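Working notes, structure below.
The values are calculated or read from the model by the stated rules, or taken from the named source; none is laboratory data. No experiment lies behind these values; they were computed from the predicted model shown. Here the Cβ positions follow ideal geometry from the backbone for every residue, glycine too, while neighbour counts run over all protein chains shown.
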Amino acid sequence: MSVNTAEIEQPALKRKDFVSDQVIRWCPGCGDYSILAQVQKTFPELGHRKEQIVFISGIGCASRFPYYMNTYGFHTIHGRATTVATGVKLANPDLSVWVVTGDGDSLSIGANHLVHLLRRNLDINILLVNNRIYGLTKGQYSPTSEPGKKTKSTPFGSVDRPLNPPAFALGSAGTFIARSLDVEGKHLQKMLAAAYQHKGTSFLEIYQNCLIFNDNAFVDLSEKPHKLEHQLLLEDGQPMLFGEGHNKGIRMDGHRPVVVDLEQDGYSVDDIVVHDKSDKMLALMLSELTYMADFPTPLGIIYQEQQDTYEDLVHRQIEAAVQQLGKGDLQALLHEGHTWIVD
Amino acid sequence: MSETKKGSKKNVETLEQVTIRFAGDSGDGMQLTGHQFTDTTALVGNDLATLPDFPAEIRAPAGSLAGVSSFQIQFSSREIQTPGDHPDVLVAMNPAALKVHLSDLRSNGTIIVNAANFNKRNLQLAGWDSNPLEDGQTLVDYKLIDVDMTRLVGEALSDMGLPPKIIARSTNMFALGLLYWMYSRPMDTTIKFIETKFKSRPEIVEANKRALQAGFNFGYTTEEISTSYVVLKAKKPAGTYRNIMGNQALAMGLVAAANLNGLRLFFSGYPITPASDILHILSGYKHFRVLTFQAEDEIAAVTSAIGAAYAGALAVTATSGPGMALKSEAMGLAISAELPLVAINVQRGGPSTGMPTKTEQSDLFQAMYGRNGESPIVVLAAATPADCFNTAYEACRIAIEHMIPVILLSDGYLGSGSEPWLLPDIDALPPIKNHKVTDSNGEFYPFDFIDQEAMARGWAVPGTPALEHRIGGLEKDSRTGNVSGDYDNHQQMVDRRAQKVAVVARNIPLATIHGDDSSELLVLGWGSTYGAIRAAVDSARKQGYSVSQLHLRHLNPFPSNLGELLLRFPKIIVPEINTGQLTRIIRAEFLVDANVLSKVSGKPFFPSEIEERIIQILGEK
Ligand code: SF4
């Protein structure tokens with residue numbers, strides 16, 4: 001597998017090289033525009049040959065993504081982007097494979113496949129665009145919608161418990177779990193690059209505002225001045241600080257996280273838990289924070305570990321078999337076992 | 001013909017053909033015994049066909065009727081087409097096996113039983129009111145050879161100090177040895193097999209070998225059997241043969257298609273009876289660089305194959321009916337995206353979970369129509385176990401040459417049944433031309449046909465510089481592949497997809513008739529009914545009936561001369577293991593008065609059932 005051959009000697013690409021000739025059909029003001037822009041901005045910097053990049057999507061607003069990227073693209077069927085991507089990557093491990101999916105596409109109809117892609121750890125990058133609603137079908141609650149949510153299909157409020165995407169990914173043995181936000185361009189670019197660089201399945205949840213059916217779902221995270229109080233920007237090896245001038249932090253009280261105010265509660269930075277992206281227990285805690293009242297929402301790389309990729313293991317096994325048994329000989333295969341001659 | 005074997009006072013008779021059924025408890029090793037008898041019989045040079053039949057449960061309660069497992073083989077000195085209908089010999093290792101299979105035995109047939117297992121408990125479990133071996137009436141029409149195999153094996157192994165369980169487990173080898181003697185077969189293949197299989201357990205090797213020998217010796221010495229038989233070599237076309245099961249032949253056909261044509265085989269599957277063998281077999285072919293993928297479900301299996309096809313592999317997935325149902329949306333995607341894909345359905349009894357280990361041909365409609373929208377697809381069916389090789393190769397050829405998905409129908413009977421296979425000359429297999437594009441020559445339109453004749457678009461696989469493009473399951477522009485909601489374009493694309501299937505007819509052989517070009521009656525068939533139809537038609541023709549056979553491998557599109565051929569026959573019957581699926585398609589397509597001969601019991605047709613209908617239609621002679 002020569003992934004690196006794709007990274008050398010390419011003419012410098014620009015953002016516009018990744019822009020296709022298709023008219024974008026998202027609603028004006030949709031968060032997807034920003035996500036697309038950040039991807040198109042980031043890709044020239046990744047230095048991957050354009051013809052080696054494939055975008056694969058399922059069904060949903062975000063899944064129109066491949067049509068807007070001037071790379072190879074496959075807009076598949078609902079929930080199955082992850083499996084189509086698996087076939088693409090297995091057949092040609094040199095490709096940089098990107099899955100663009102939504103909360104309905106990958107956590108409802110395609111949840112099974114998501115589990116298995118994560119646990120197999122193919123080197124595929126998943127951009128899970130989470131707007132906590134079904135947009136394309138005009139506004140039904142999704143598996144990430146909050147309890148009580150009133151939508152077309154839940155006029156009396158949703159009684160479903162929402163799914164926690166990073167925890168889902170952790171539980172599926174994911175090796176790279178991160179989160180970003182549509183409007184935080186720089187942060188999103190950084191996360192896209194980190195996802196690309198991770199060898200293994202990268203799970204990047206991107207909060208996205210659907211202004212038509214679920215407007216302001218992430219307004220606390222996206223607008224000043226609240227956002228400083230609500231964003232917990234994770235940096236590996238750095239204390240988990242947030243708030244105006246980093247005046248707050250997360251302290252561990254045994255296994256329980258607590259928010260402390262460095263100016264009022266008598267704690268110093270040394271009391272604040274330091275992020276270690278290789279710590280699974282910490283990652284689980286961070287995943288849960290999102291759903292705990294009065295805690296900030298973690299953004300950044302929540303968890304990362306290095307494991308063999310599935311495609312490497314598969315192709316290595318094949319090469320080992322060729323070594324061991326010799327290159328397959330069709331004639332010999334047909335003649336194996338007992339044969340007899342009629343003359 | 002009768003002569004005396006050297007050193008024995010017994011007669012030796014020559015027979016033309018024999019059908020034996022081995023039956024016993026699931027734990028009695030009947031499949032293994034049958035396979036051993038088959039391997040030896042193949043090497044002796046007889047023509048043969050086999051039919052394994054086992055319960056869906058891995059171990060149904062011991063001694064119960066549900067737990068009976070059987071294996072039938074017909075072997076002959078002339079060409080045969082089926083595993084036979086009514087066995088000449090029934091080996092019944094316990095009362096349940098006798099109960100289940102007795103009614104199939106031909107009258108005057110031979111029954112060989114392990115008398116030790118006919119105890120009160122087993123008789124009760126099998127629902128016998130009295131012991132049929134002793135009641136003096138149940139088995140009067142048959143020749144009974146009742147042997148206490150357990151005791152005889154126990155004696156043969158007495159100095160080995162083995163537990164009774166091992167002794168009991170070796171009785172199948174005793175039965176096998178006895179049949180080897182009765183039909184004058186050598187034991188060395190089986191001895192070699194035992195030595196390899198139980199290599200790490202020398203005491204088991206010894207026990208099995210001794211049991212085998214004990215059975216053989218019993219035949220030689222017992223007063224109960226006065227005659228042994230010889231079945232001479234069959235006259236078959238010259239060449240090298242091996243015995244092959246359908247799923248095995250199918251796997252090899254796929255490897256051949258990839259291997260000989262410079263393509264990478266990607267095979268995905270999800271465990272399902274009776275198709276899993278294909279996954280097992282291909283997983284062992286890593287040195288052919290076959291990529292096998294056991295997916296998390298049927299949908300993942302087909303969609304990963306679609307991904308692999310998109311990335312340039314020869315992509316294949318295999319399943320059985322229920323799995324095919326799950327794949328149907330994705331099959332539509334392959335049709336819409338115009339990607340080469342082979343989806344294999346090893347059919348089984350339905351509906352729903354149905355009868356997983358029993359055979360049926362009831363998924364033809366599903367293959368033809370079981371998708372949303374106007375979604376025509378190429379459909380092929382294999383006719384015999386060995387034919388699975390050619391049909392698999394052919395399915396790959398059509399998929400690749402036409403950039404189109406293909407459904408290949410096999411079934412449980414073909415998948416696990418076996419027959420001698422005249423090994424093909426691999427150099428004579430047709431080369432498969434793929435449509436990979438490496439150069440844009442200016443502007444590139446992914447949905448333009450690169451091969452007008454085949455209506456095949458270019459296979460521009462990711463990784464090819466300057467050909468970046470997007471495809472998908474939304475209706476697309478007929479040139480650019482971009483999403484299109486244009487009404488005229490949709491009409492054009494619907495027509496195009498129908499045409500794409502239709503033009504395949506130009507690239508497949510014409511249908512041929514076995515028998516006379518026109519006769520009073522045509523027996524039309526598809527798939528695994530081939531052997532039974534051939535046997536029935538040949539037998540009826542010998543008796544002077546005016547009947548011919550036409551067997552279809554290509555079900556969509558049909559061979560272009562089919563309509564014209566059908567019109568030559570005033571009467572047409574279509575034996576099908578369904579309620580008349582091909583029959584209805586034929587009637588609709590050609591407005592001919594085709595009538596179904598239907599059987600959907602989970603068992604294949606017996607030739608006699610078809611022959612009776614032929615005679616009924618044409619009148620007794
Ligand atoms: S419906 Fe919502 S998610 Fe979909 S395009 Fe419009 S704003 Fe974006």
Exercise. Which of the residues belonging to segment A:82-108 are more than 10 Å from chain B (Cβ to nearest Cβ) and part of a helix (DSSP H, G or I)?
Worked result: A:ASP103, A:GLY104, A:ASP105, A:SER106, A:LEU107, A:SER108
For this session: Determine, yes or no, whether A:ASN209 is within 29 Å of A:ALA85 (Cα to Cα) and either among the polar types (S, T, N, Q) or more than 16 Å from the ligand (Cβ to nearest atom) (or both).
Result: yes
Exercise. Got at least one residue in segment A:32-48 being of a type outside the set (A, V, I, L, M, F, W, C), at the interface with chain B (Cβ under 8 Å from one of its Cβ atoms) and in contact (Cβ under 8 Å) with a residue 24 or more places away in the chain?
Worked result: no
Problem set entry | Those strands (runs of 3 or more DSSP E) lying entirely in segment B:143-251 with at least 2 residues within 14 Å of chain A (Cβ to nearest Cβ) | B:239-245
Exercise. Looking at this structure, is A:GLY254 within 14 Å of chain B (Cβ to nearest Cβ), at pLDDT below 95 and farther than 30 Å from A:PRO93 by Cβ?
Worked result: no
Exercise. How about segment B:585-600: which of its residues are in contact (Cβ under 8 Å) with a residue 60 or more places away in the chain and not in a strand (DSSP E or B)?
Worked result: B:ILE585, B:ILE586, B:VAL600
Seminar exercise, completed: Screening B:THR359, B:THR391, B:THR353 for residues that are under 14 Å from B:GLY246 (Cβ atoms) and either in a loop (DSSP other than H, G, I, E, B) or charged (D, E, K, R) (or both) leaves only B:THR359
Exercise. B:PHE293 passes all but one of (1) farther than 28 Å from B:GLY463 by Cα; (2) at the interface with chain A (Cβ under 10 Å from one of its Cβ atoms); (3) not in a helix (DSSP H, G or I); which number fails?
Worked result: (1)
For this session: Say whether the condition of being within 16 Å of the ligand (Cβ to nearest atom), surrounded by fewer than 23 Cβ atoms within 10 Å (Cβ to Cβ) and at pLDDT 95 or above is met by at least one residue in segment A:83-106.
Result: no
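Residues checked against (1) without any contact (Cβ under 8 Å) to a residue 24 or more places away in the chain; (2) hydrophobic (A, V, I, L, M, F, W, C):
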residue: A:LYS149; (1), (2): yes, no
residue: A:LEU163; (1), (2): no, yes
residue: A:PHE168; (1), (2): no, yes
residue: A:LYS186; (1), (2): yes, no
residue: A:LYS190; (1), (2): yes, no
residue: A:GLY200; (1), (2): no, no
residue: A:GLU205; (1), (2): no, no
residue: A:GLU229; (1), (2): no, no
For this session: Please identify the pairs in which a residue from segment A:127-146 that is in contact (Cβ under 8 Å) with a residue 40 or more places away in the chain and in a strand (DSSP E or B) has its Cβ atom under 7 Å from the Cβ atom of a residue that is away from the ligand (no atom under 13 Å from the Cβ) and of a type in the set (Phe, Trp, Tyr), counting only partners at least 6 apart or on another chain.
Result: A:LEU127/A:TRP98; A:LEU128/A:PHE203
For this session: Count, please, the residues in segment A:125-182 that happen to be within 16 Å of the ligand (Cβ to nearest atom) and either surrounded by 23 or more Cβ atoms within 10 Å (Cβ to Cβ) or within 14 Å of chain B (Cβ to nearest Cβ) (or both).
Result: 16
For this session: Go over the candidates B:ASP427, B:ASP439 one by one and state the one that is within 12 Å of chain A (Cβ to nearest Cβ), over 21 Å from B:GLN499 (Cβ atoms) and of a type in the set (Asp, Glu).
Result: B:ASP427
Problem set entry | Condition check for B:LEU380: closer than 30 Å to B:ASP39 by Cβ and crowded, with 19+ Cβ neighbours inside 10 Å | yes
Exercise. With (1) in a strand (DSSP E or B); (2) farther than 24 Å from A:PRO143 by Cα; (3) among the hydrophobic types (A, V, I, L, M, F, W, C) as the list, and A:ALA194 as the residue in question, which single condition is left unmet?
Worked result: (1)
Exercise. Does A:LEU284 count as of a type outside the set (Ser, Thr, Tyr), more than 7 Å from chain B (Cβ to nearest Cβ) and either surrounded by 15 or more Cβ atoms within 10 Å (Cβ to Cβ) or out of contact with any helix residue (DSSP H, G or I) (no Cβ under 6 Å at 6 or more places or on another chain) (or both)?
Worked result: yes
Problem set entry | Single condition B:ILE614 does not satisfy, out of (1) touching a Gly at 6+ places or on another chain (Cβ under 7 Å); (2) surrounded by 17 or more Cβ atoms within 10 Å (Cβ to Cβ) | (1)
For this session: Would you check if B:TYR487 is away from chain A (no Cβ under 11 Å) and out of contact with any Lys or Arg (no Cβ under 9 Å at 6 or more places or on another chain)?
Result: yes
Problem set entry | Count of residues meeting criterion [of a type outside the set (Val, Ile, Thr) and either facing chain B (nearest Cβ under 7 Å) or within 29 Å of B:ILE191 (Cβ to Cβ) (or both)] in segment A:302-323 | 2
For this session: Among the residues of segment B:417-438, count how many are part of a helix (DSSP H, G or I) and under 25 Å from the mean Cα position of the chain (by Cα).
Result: 2
Problem set entry | The listed residue being buried (at least 19 other Cβ atoms within 10 Å of the Cβ), within 20 Å of the chain's Cα centre (by Cα) and away from the ligand (no atom under 16 Å from the Cβ), out of A:ILE59, A:ILE35, A:ILE77 | A:ILE77
For this session: For B:ALA308, state whether it is within 7 Å of chain A (Cβ to nearest Cβ), in contact (Cβ under 8 Å) with a residue 12 or more places away in the chain and touching a Lys or Arg at 6+ places or on another chain (Cβ under 6 Å).
Result: no
